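Below is one structure, written out as structure tokens; comments come after it.
Any read-out appearing in this document is the output of simple, stated calculations on the displayed coordinates, not a laboratory observation. Please read these numbers as outputs of a predicted model, since none were measured by experiment. FYI the Cβ positions are ideal-geometry reconstructions off the backbone, even for glycines, and counts take in every protein chain you see.
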């Protein structure tokens, strides 16, 4: 297998892991009875996981997943 193909497969695997981790975090936020502090811990853990997979992509996380998690927290916990 060529190096390019291996790199592409590794990147795809990281993306699948990221997507799965973010989906699990969103599901936990919606479906589990958590305190606001616990919910924020879930978001922080999700961000930590994302940054382990993709270092230096904090801004991208905030744009894509941060807004998704903020929306969930606002709706579930009636935040402003």
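Listing for the model above:
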| quantity | calculated |
| --- | --- |
| In region 1-20, the residues that are under 16 Å from residue 69 (Cβ atoms) and surrounded by 12 or more Cβ atoms within 10 Å (Cβ to Cβ) | 18 |
| All positions within region 21-75 that are touching a residue at least 12 places away in the same chain (Cβ under 8 Å), surrounded by 14 or more Cβ atoms within 10 Å (Cβ to Cβ) and farther than 24 Å from residue 10 by Cα | 26, 28, 29, 39, 40, 42, 43, 66, 68, 69, 72, 73 |
